[in-house]
Amino acid sequence: MHVSTTLLNLSLAVAIVVLLIVMMLFGDVPLSAAAWLDAFIHWQSIGAEIVWGIRLPRNLTAIGVGAMLGMSGALMQGLLRNPLAEPGLLGVSAGAGLGAAIAIVLGLALIPFTVAGFALIGATGVAFLLLVFVQKFPQRQSLILLGVGLSALCGATMALVFNLSPSPVTTSEMLGWMMGSVENRDWFDVMLCVVGLAAAGALSYRVGKGLRFLTLGEETARSMGIDMTRLTQLIVISSSLLAGLSVAVAGVIGFVGLAAPHFVRAMGIRDPYRLIVPSALTGALIVQLADGLVRIIPTTGELHLGVVTSLIGAPLFAVLAYRSARSWMQD
């Protein structure tokens, strides 16, 4: 199967808009036709507060977080030339999760923006270490090894934080954050997503040539005048920014960054640079669908977004992996 990038982007964008309209109709409080009319006419009405203050920010946050994860995954897989690369590989997501866990265990969760701020600090700390390391060792293998090490260190420290948690309530709060959610998100969270996507998009615009030459090998890319250290730094900054903001806004949501680029490749798009935008759109669609399922699946307890994304993505990813392996055998 081969679909043009433009057609795929348009199809994904239309699907996102249609799903956004559908998802706006669902919520904890059903709205009558009169309430919907009030939402558009009277900006101080209860209907307006529900539509513009609760439902729209939640849906836009889901789209933004999914887009950030999808874009980050495409950048990481393009740089590392590894189909298993994803935002969490470099430890940035784990660093952000550790920051959020520390804020919660310190009892700062009730202070607005504190958990997100600590998550950003954790992500920034890991990204800083990566950039310092890349300055001396720009090789991809070295970057992967450091990322795995940082991720394991942050994971172990997070386990220690859980272990020293002062109460079951605090532990439950940390677990809830770790499993991801876009519930009760507001326009500030939407703004963080927009800022992250705009900044990373601007940086990614400068790496297209490098990503394409990198598919021919590092030595070839260098011989064609590509500064590998600079290319790696730009992608690490972009990917870290996207992954860190996504965790700061919605907690840890796995599998989207890994799966979204593979879904796009299944449409016949192999160019690592042209993969970025459709991967972002695919990630947005996946998180939208997962958030929709979180709302409509009847459960006795709270169902978390990160759990659903993995339940949706893992079987589909297995099918794609099977098809890819079969095509490699035929080649």
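The values are calculated or read from the model by the stated rules, or taken from the named source; none is laboratory data. All values derive from a computational prediction rather than experimental measurement. Every residue, glycine as well, gets a Cβ built from its backbone with ideal geometry; the counts of neighbours run over all protein chains shown. SASA here: full protein model, heavy atoms, side chains in, ligands and nucleic acids out. Shrake-Rupley method; radii C 1.70, N 1.55, O 1.52, S 1.80 Å.
Within region 194-210, take every residue that is crowded, with 17+ Cβ neighbours inside 10 Å and not aliphatic (A, V, I, L, M) and give me the one that is farthest from Thr61 (Cα to Cα). Step by step, filter region 194-210, then rank; the result is Gly210. The selection criterion, being among the polar types (S, T, N, Q) and buried (at least 24 other Cβ atoms within 10 Å of the Cβ), holds for Asn59.
Within region 8-62, can you find the residues that are over 17 Å from Leu305 (Cβ atoms) and of a type in the set (Val, Ile, Thr)? Of everything in region 8-62, those that are over 17 Å from Leu305 (Cβ atoms) and of a type in the set (Val, Ile, Thr) turn out to be Val14, Val17, Val18, Ile21, Val22, Val29, Ile41, Ile46, Ile50, Val51. In summary, Leu164 fulfils each of the numbered conditions (1) in contact with a Gly (Cβ under 6 Å, 6 or more places away or on another chain); (2) over 23 Å from Gly254 (Cα atoms) with the single exception of condition (1). Any residue at all in region 270-277 that is open to solvent by 30 Å² or more (accessible area, probe 1.4 Å), aromatic (Phe, Trp, Tyr), under 21 Å from Leu175 (Cβ atoms) and not in a helix (DSSP H, G or I)? No, every residue in region 270-277 fails to be open to solvent by 30 Å² or more (accessible area, probe 1.4 Å), aromatic (Phe, Trp, Tyr), under 21 Å from Leu175 (Cβ atoms) and not in a helix (DSSP H, G or I).
The set of residues from region 1-32 being of a type in the set (S, T, N, Q), open to solvent by 80 Å² or more (accessible area, probe 1.4 Å) and either more than 21 Å from Ser279 (Cα to Cα) or at pLDDT 95 or above (or both) is empty. Pairs linking a residue in region 226-252 that is closer than 17 Å to Ala123 by Cβ to a residue that is among the aromatic types (Phe, Trp, Tyr), with Cβ atoms under 7 Å and 6 or more positions apart or on different chains, are Gly251/Trp177. If only residues of region 214-260 that are of a type in the set (S, T, N, Q) and crowded, with 24+ Cβ neighbours inside 10 Å are counted, the one that is nearest to Gly201 (Cα to Cα) is Ser238. Would you say Ile286 is hydrophobic (A, V, I, L, M, F, W, C) and farther than 26 Å from Ala321 by Cα? Here the answer is no, as Ile286 does not meet what is asked.
If only residues of region 109-139 that are open to solvent by less than 40 Å² (accessible area, probe 1.4 Å) and closer than 17 Å to Ser72 by Cβ are counted, the one that is farthest from the chain's Cα centre (by Cα) is Val134.
Taken over region 140-193, residues that are of a type in the set (Ser, Thr, Tyr) and either assigned to a helix (DSSP H, G or I) or open to solvent by 50 Å² or more (accessible area, probe 1.4 Å) (or both) amount to 6. Within region 23-53, take every residue that is part of a helix (DSSP H, G or I) and in contact (Cβ under 8 Å) with a residue 40 or more places away in the chain and give me the one that is farthest from Gly283 (Cα to Cα). The selected residue is Gly53.
Of the residues making up region 153-174, those that are under 30 Å from Val294 (Cβ atoms) and in contact with a helix residue (DSSP H, G or I) (Cβ under 8 Å, 6 or more places away or on another chain) are Cys154, Gly155, Thr157, Met158, Val161, Phe162, Ser165, Pro166, Thr170, Thr171, Glu173, Met174.
Every listed requirement among (1) farther than 30 Å from Ile104 by Cβ; (2) buried (at least 19 other Cβ atoms within 10 Å of the Cβ); (3) modelled with pLDDT of 85 or more; (4) over 13 Å from the mean Cα position of the chain (by Cα) is met by Leu281 save one, (4). Scanning region 240-262 for residues that are in a helix (DSSP H, G or I) and closer than 15 Å to Leu84 by Cβ turns up Val256, Gly257, Leu258, Ala259, Ala260, Pro261, His262.
Against the definition (surrounded by fewer than 22 Cβ atoms within 10 Å (Cβ to Cβ), in contact with a helix residue (DSSP H, G or I) (Cβ under 6 Å, 6 or more places away or on another chain), modelled with pLDDT of 85 or more and part of a helix (DSSP H, G or I)), how does Leu293 come out, yes or no? So Leu293 fits the description; yes. Candidates in region 83-108 are the residues that are of a type in the set (A, V, I, L, M, F, W, C) and open to solvent by 50 Å² or more (accessible area, probe 1.4 Å); of these, the one that is modelled with the lowest pLDDT is Leu84.
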